[in-house]
Structure formats: C-alpha cells, structure tokens
Amino acid sequence: MSFLRPGRPSRTREERFAEGQFAVGVIENSIEEPAGETQGADTLVIRADVRGHRVFRRSVTCPLSMPGRGRDLVGQPVGFRHITNDPDDMEDVCVVRWPDEVRKALEPFRPVGPGARRARAWRFLGQCCAVVTVGGILLTSVMLIGVVFASEVFADLPAWFRPGVALAASAGAAVLGPLTFVLCDSRMSAALARTR
C-alpha cells in the first residue's frame, strides 16, 4: 500500500529506481535458506565498488527459484540501480542486468522458424506426459496400499470398479510416461534444430 498524495499514482519499483545511479557489482555470496517446509529461492549478496564511496553490499532474491541455484551465480557480474550510497542499506537495489544464464532461464519458450509450431506441440505433449507420470506414480502407490494391505478400502466403490485393472493402468502410466516424455523431448529438440 502506498501513502502518496491524493491524485498521484504510485510508482513501480522500476520507475523509482530509474532515477537512481547505475553500478556494476559482483555476486559475492549466495545464502540458502535452511531446509524446511517452505524453502524459497536463495538470497544473493552483491558487492560493488563505487568510485568516491566505500565498498557497499546489496542483497536481492535470486530469480532462479530452485534452492541452491544461487551458488552457480557467485562471481558473476550484475548491473543494478541504487538510490543511496549508504553501505548498510541492503534493500536499495534494482537489478537491471543479470548474467547470461539467468536471462536464458527466464526467457519464455518462443521458438521461431519452420519447426517452431512442431516444437511447441512436442513440448506441450511432453508436459502432458510428465503430468500423467506423476499421476500414475501417486495412483499406483494408493492402489498398492489398497490391494495389498486393506481390501476393505474398495468396499464402498461401485461394482464395476476393478482394483487390479486400475493398478495395472496406473503402473503402466508410471512406466510409459517417462519413456514418452523422453520421446517428446527428442522430437522437440529435432524440431528446434530446424528453426535455427
């Protein structure tokens, strides 16, 4: 919530930092949150040497969401904007230029060229296979528990439901899903090779 004067629209973070000073720093450290129920992205510490001022540090959340991915970025240069030269103001940062590997990871999947539509279709089918695989693994575990340990679990289900058939289908999905995913991924790569 912003408490600006009435009638004046609130400015976004990028607009506020657009008037700030540009600096180039190096990612000095990656702080990983301790393992727990909700482990988020790493916190990156950026060190910058600004002429006429002391060395100061800024912290920013790593844009790569997987925990531990920030370690790969240590030592990489980043371009950022800051408003103050206070060395203790860790939040005074807006990164405007990330390392190449971050930019590539954040780019949307939009191939162009002769094989682009085919690549997008194979990618979509591969994602569907991944969902089927996860569903098959989960359903197989539930069905195994029901079939092996407690057959009364299926007592309230309709008469047409066959636990053995459901177990075979879910196990088949768990096995064939990854194979189909690999096939879709290879076909997508072949289609992408035609776009270049």
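The values are calculated or read from the model by the stated rules, or taken from the named source; none is laboratory data. Since the model is a prediction, treat every value here as computed from it, not as a measurement. Here Cβ is always computed from backbone atoms with ideal geometry, including for glycine, and neighbour counts include all displayed protein chains. Accessible surface areas use protein heavy atoms only, side chains included; no ligands, DNA or RNA. Shrake-Rupley method; radii C 1.70, N 1.55, O 1.52, S 1.80 Å.
A compact table of results
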{"read-out": "With DNA, RNA and ligands ignored, accessible area of GLU14 (1.4 Å probe; Å², nearest 10)", "value": "120"}
{"read-out": "Rough spin-label spacing in nm, given labels placed 7 Å along Cα→Cβ, for ARG57 and LEU106", "value": "2.3"}
{"read-out": "Candidates per chymotrypsin sites (Phe, Trp or Tyr not before Pro) in the stretch 86-124, loop by DSSP, up to 11 other Cβ within 10 Å", "value": "PHE109"}
{"read-out": "Exposure of THR43 as accessible area (Å², to 10), given a probe of 1.4 Å and all protein chains", "value": "50"}
{"read-out": "Cβ charges +1 (Lys, Arg) and -1 (Asp, Glu), total dipole of the stretch 20-151, debye", "value": "880"}
{"read-out": "Carbon and sulfur %, accessible surface of the stretch 89-136 computed with the full protein complex present, 1.4 Å", "value": "59"}
{"read-out": "Label-point gap, in nm, between ALA171 and VAL74 - each point 7 angstrom along Cα→Cβ", "value": "4.6"}
{"read-out": "Whole-number accessible area per residue in Å² for the stretch 58-196, which is evaluated in the context of all protein chains at 1.4 Å", "value": "64"}
{"read-out": "Net length gained if the chain between ARG162 and ASP86 were fully extended (0.36 nm per residue, minus Cα distance)", "value": "20.4 nm"}
{"read-out": "3J(HN,Hα) from dihedral phi, the stretch 24-29, Karplus parametrisation 6.51/-1.76/1.60, rounded to Hz, x for glycine, proline", "value": "10, x, 10, 6, 8, 8"}
